[in-house]
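Notes to accompany the following structure.
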There are 2 protein chains.
Amino acid sequence: MKTYYLQKAEKNLPTLHAENVRIASEARELHSGDSFVLDLESHYVGYLSFVLGYTNIYPDAPVRLCVKFCECRDELDANFSSYRGSLCPSWLQEEIVNIDSVGAYNMPRRYAARYIKITVLFTPQTITLSDFVFTAVTSADKYGLAQFEVDDPELQAIDRVAVNTLKNCMQRVFEDGPKRDRRLWIGDLRLEALTNYYTYGHLALVRRCLYLFAAADCNDRGYLPGYVYENPAFVSGYWFLRDYALLFVVTLCDYYLHTGDEQTFLDIYPVAKRQMVAIRSELDANGIVATRENDDIFIDWCEGLRKTTALHGVYLYTLDILSQTLTALGHGDAGAYQALYEDAKNAALRYLYNADENNFVNAYDGYQVSVHSAVWMILGGVVEGLRAWELLRKTMRNPDSKKAVTPYMNHYLVEAMMKLGKREEAMEHVKRFWGAMVAEGADTFYEVFVPGQPEVSPYGDKMMNSMCHAWSCTPAYFIRKECQKNRRK
Amino acid sequence: MKTYYLQKAEKNLPTLHAENVRIASEARELHSGDSFVLDLESHYVGYLSFVLGYTNIYPDAPVRLCVKFCECRDELDANFSSYRGSLCPSWLQEEIVNIDSVGAYNMPRRYAARYIKITVLFTPQTITLSDFVFTAVTSADKYGLAQFEVDDPELQAIDRVAVNTLKNCMQRVFEDGPKRDRRLWIGDLRLEALTNYYTYGHLALVRRCLYLFAAADCNDRGYLPGYVYENPAFVSGYWFLRDYALLFVVTLCDYYLHTGDEQTFLDIYPVAKRQMVAIRSELDANGIVATRENDDIFIDWCEGLRKTTALHGVYLYTLDILSQTLTALGHGDAGAYQALYEDAKNAALRYLYNADENNFVNAYDGYQVSVHSAVWMILGGVVEGLRAWELLRKTMRNPDSKKAVTPYMNHYLVEAMMKLGKREEAMEHVKRFWGAMVAEGADTFYEVFVPGQPEVSPYGDKMMNSMCHAWSCTPAYFIRKECQKNRRK
């Protein structure tokens, strides 16, 4: 099957659309040590070219430049050589190039940038640099972008930035953050695909990504890896995250529910089924997902977070959407998943929920209070209505509770609010969280954003953070989906 | 005419022959900080490629390498960032590259190297580097190399290194030193063309270079520039050296005398004539070349050298070969140049030569004693026979005399010895000077070589010296020419 899945993935390889972003600037006369900044006026992903010339004397030695690509203004003055974070420093976008000849020069690598800082390290004579062109690439077709207007200018602005974020992450696959990884992660894919249905509607790209994961090697326990590589060749990932494995099933169901493409669903359904078998086989005696270790669950970057309740919520959420999807298809497995859902829900009510106090503070998670538990239990349908809303609000307001850190977890928080019918409050949260990035001047939404903590980084150094990150693009999904509903009324 | 000359130059653009030099080495497993050296086993000019792979875990970030190309072993440990010489540091052959994908990687620039040092600056996982290939390029056709053997193994070894030096400098033009300049210099061209007639016999390449200079812009005084650029476009040089302008005429004459190609000679003869008009118009009242300034004469890199006598020698040498060539052609100008030669020779005997002391210590050069004056007066035919040989030997042995520094000046010293019929002594000098480089393990002959002074550099830092330099290739000319003569006997 692997070969078949890879062939299908290849068949759905998207065209990359190139757009030449011309950078308004006169030819600059430059000497060794000179430095200047180009502003692309928005965030783009692509390739830089320029023309090297000279004033009076033909340069009689190569010209050595340092070219630094920055996603935000802060990076311009950051000293990359001082980086001591956990990820490989080679991700920091800085090149030293030696140019032998005057004329056009095309830098060969792809970068993600709004600003470009060029420093002339050495030139033998006065040179000029001119005709800067940034060739932006994306598989998002701008002519395919769904027209959209909303009366609220703040939401309109948030939508614009969200769409730009998605666009720049849409390449050969749905990338997570084009400054770094070009691999495909399930958690990001799910949110990008969802937003894509309401914006660019690039269905082939979703199909491609689903087939790529279908071709991946499951681990001994039967789970898909959290990511795959696809360029220059397919490589299955080494890191296994159980919530991501479940969200692959969700992504497949989302795809069917949005497209009605039965063939693709059925093609990949065996892989989805395998995830469900794997997780079921690991339920404990109480019927709760076992979490012997925390490092095979993602949920959120939140220091010290206990994750059993949240993972059980992801399991419920997956069972729910899968049985709905199979029902819609008239598939014989639907009833079995519905039954599993009921069992898992009952187990949650019994072992994870504290009805007296209306919270999900339980022994599985060492009595830790977390927004994550609350959100995923709501998304899993364990609690509902006003009681659920009270539970969520209380948890969010509790100064001792673990809070959502990533835009990814904030997405599920908003999704939970929406599920509870709290549309206004959901939009308020979108404005409070994503709107604060827009207010800061963001062209795209960040990988990490903790209001009031600009230096926070999961990698020990802010320089490494991605400022255009797929899992932050979902406000466009919420805003547009709401708009559709309002229109239908 | 410029367009015509450039068209002719283009028509004679040589094919570059590529040879894949495979570097014996197993795939290396490497981590950040690891470093190793590849040995090409000889000096080559060309392009490096290799294959990036991995052991267990696919590298999840770009791999950043520092790749240093070294012409000699000393360079391997040199710290290029400590360079403080006069030429632009961008000539130092060191690149920092970021590689995004496993698979074949082709470095885009050309380098001159025997050793390549690769340091893994950053890699996220254990990588492998393998399949190193250095694609050596030259316009010298190895099948066209004249077969040659000499009984003396030392001369045979010197010839081999000389031929290798020439080969590596033969590219789109006769380059002077492929580590740095790719421009065409007259002084180097003359010696390369001469050696080429006895080795690779690439006549089109000589023609191309002659036409390129013919297309150059003469200065207000009528002289050709010392160099031109030809890639990516033709650019006339800015530095004017009168001895080089005269040696252009010599190079043209050499070409005719070796090929009998009348058309090319006559095409370019007007340019040659212009040089002769220019220098003649600047003779002083005594009929000696005027030298108001020293910086438009090269002769040699020899600190404090006074150059009038030597330049007058170059003038005589040029007049001599030009009148010989025109005589061979049956050209009407021959007699006029012969007459100018006699005048200039008489002026030299009167104002430059001290017959009492049999030396060229004169007021023009502030009574400085130099090998340079002696050599060029001999080559100009001012003194001859045993008396000339005594003069030369005396000057060479004089501890106070200025000595030949560059291989370029050493060429003319050997040529002067040959002219005096001192073949054995000439070959002894070849062995003493060039042979000492071979004894050091040279693969090619250096730009600068002063026995006992390994750190000497015209640029204030040895790191900048070129270790494969065109003007050092002439032992192959002397040795092979001698051999031909011996065979004819």
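The values are calculated or read from the model by the stated rules, or taken from the named source; none is laboratory data. Since the structure is predicted, the reported quantities are computational estimates derived from the model, not experimental observations. As a convention, Cβ positions derive from the backbone with ideal geometry for all residues, glycine included, and neighbour counts pool all protein chains shown. Just the protein is used for accessible areas: all its heavy atoms, side chains included, with ligands, DNA and RNA removed. Shrake-Rupley method; radii C 1.70, N 1.55, O 1.52, S 1.80 Å.
Comparing Cα centroids, region A:345-416 and region B:146-201 end up 81 angstrom apart. Values of log10 I(q)/I(0) for region B:232-292 across q = 0.18, 0.22, 0.24 Å⁻¹ run -0.78, -0.97, -1.04, by the Debye formula with one identical scatterer at each alpha carbon and no solvent.
When Rg and the Kirkwood Rh are both derived from Cα coordinates, the Rg/Rh ratio for region A:290-341 amounts to 1.14. Per-residue accessible area (protein heavy atoms, 1.4 Å probe) orders B:Arg84, A:Arg180 as B:Arg84, A:Arg180, starting from the largest. As a length-normalised measure over Cα pairs under 8 Å and 6 or more apart, the relative contact order of chain A settles at 18 percent.
Ellipsoid semi-axes for region B:330-489, based on the Cα gyration tensor and the rule √(5λ), read 29, 21, 16 Å when sorted largest first.
Out of the total accessible area of the protein assembly as shown (probe 1.4 Å, heavy atoms of protein only), what percent is carbon and sulfur? The C+S portion of the solvent-accessible surface of the protein assembly as shown is 48 percent.
The distance separating the Cα centre of region B:431-484 from that of region A:230-244 comes to 56 Å. Per residue of B:122-129, other chain Cβ atoms within 10 Å of the residue Cβ number 2 on average. Radius of gyration (Cα atoms) of region B:377-429, expressed as a multiple of 2.2 N^0.38 Å: 1.05.
Taking all protein chains as shown and a probe of 1.4 angstrom, A:His17 keeps an accessible surface of around 70 Å². When nucleic acids and ligands are ignored and a 1.4 Å probe is applied, A:Tyr477 ends up with an accessible area of around 20 Å². Dimensions of region A:163-319 based on its C-alpha atoms, expressed as ranges along the principal axes with the largest first, amount to 45, 36, 30 Å. What is the count of Lys pairs in region B:368-477 whose alpha carbons sit under 23 Å apart, if the two are 8 or more places apart or on different chains? Count of close lysine pairs: 15.
Within the straight-line cut-off of under 21 Å between alpha carbons, the lysines reachable from B:Lys8 are B:Lys273, sequence neighbours fewer than 8 places apart in one chain being disregarded. Distant-in-sequence amide contacts of A:Tyr44, defined by a placed amide H-H separation under 5 Å and a gap of 5 or more residues or a different chain, comprise A:Ala113, A:Arg114. Our analysis of region B:422-489 gives Rg over Rh at 1.06, with the two radii drawn from alpha carbon positions and Rh computed by the Kirkwood formula.
The three principal axes of the C-alpha atoms in region A:100-248 carry coordinate ranges of 64, 47, 23 Å, sorted with the longest axis first. Expressed as a whole percent, the proportion of Cα-Cα pairs in region B:1-102 lying more than 16 Å apart is 73%. Per-residue ellipticity at 222 nm computed for chain A from its helices equals -13500 deg cm²/dmol, with DSSP H segments shorter than 4 residues left out and the rest contributing -39,500 (n - 2.57). The P(r) of region B:244-325 has a tail past 17 Å containing 49 percent of all C-alpha pairs. Within 10 Å of the Cβ of each residue in A:227-234, the mean number of Cβ atoms contributed by other protein chains is 2.
Counting Cβ atoms of other protein chains within 10 Å of each Cβ in B:57-65 and taking the mean gives 6. Across q = 0.18 Å⁻¹, region B:156-210 modelled as identical point scatterers on its alpha-carbon atoms has Debye log10 I(q)/I(0) values of -0.52, in the order of the q list.
Accessible surface buried by the B/A pair amounts to about 2800 Å², both sides summed, 1.4 Å probe.
In whole Å, how far is the Cα centre of region B:302-326 from that of region B:15-39? Each part reduced to its Cα centre gives a spacing of 47 Å.
Counting only protein chain heavy atoms and rolling a 1.4 Å probe, the accessible areas of A:Val228, A:Val405 rank, largest first, as A:Val405, A:Val228. When you work out D = kT/(6 pi eta Rh) for chain B at 10 °C and 1.306 mPa s, using the Kirkwood radius from C-alpha pairs as Rh and the Stokes-Einstein form, the result is 66 µm²/s. Paramagnetic label reach from A:Ile96 (point 7 Å along Cα→Cβ; backbone nitrogen cut-off under 20 Å): within region B:36-52, residues B:36-38, B:48.
Using a probe of 1.4 Å, the accessible surface attributed to B:Val456 totals some 50 Å² when neighbouring protein chains are kept in position. Lys/Arg Cβ at +1, Asp/Glu Cβ at -1, dipole of region B:417-489 taken about the Cα centre: which of B:Asn465, B:Gln453, B:Ala476 is farthest positive-ward? After comparing all options, I get B:Ala476.
Expressed per residue, the C-alpha convex hull volume of the protein assembly as shown stands at 188 Å³.
Within region A:129-180, all pairs of alpha-carbon atoms sorted by distance into 10 Å bins from zero give the percentages 21, 41, 29, 9, 1.
Rounded to two decimals, the Cα-based Rg/Rh of region B:4-51, with Kirkwood Rh, is 1.24.
P(r) tail for region B:268-416, what percent of Cα pairs lie past 26 Å? Here the long-distance tail beyond 26 Å is 23 percent of all Cα pairs in region B:268-416. Name the residue from B:Val375, B:Ile116, B:Ala272 whose Cα lies farthest towards the positive end of the charge dipole of chain B, charges +1 on Cβ of Lys and Arg and -1 on Cβ of Asp and Glu. The residue sitting farthest along the positive end of the dipole is B:Ala272.
In a DSSP loop and with at most 11 other Cβ atoms within 10 Å, the GluC sites (Glu not before Pro) in region B:282-371 are B:Glu293, B:Glu303, B:Glu357.
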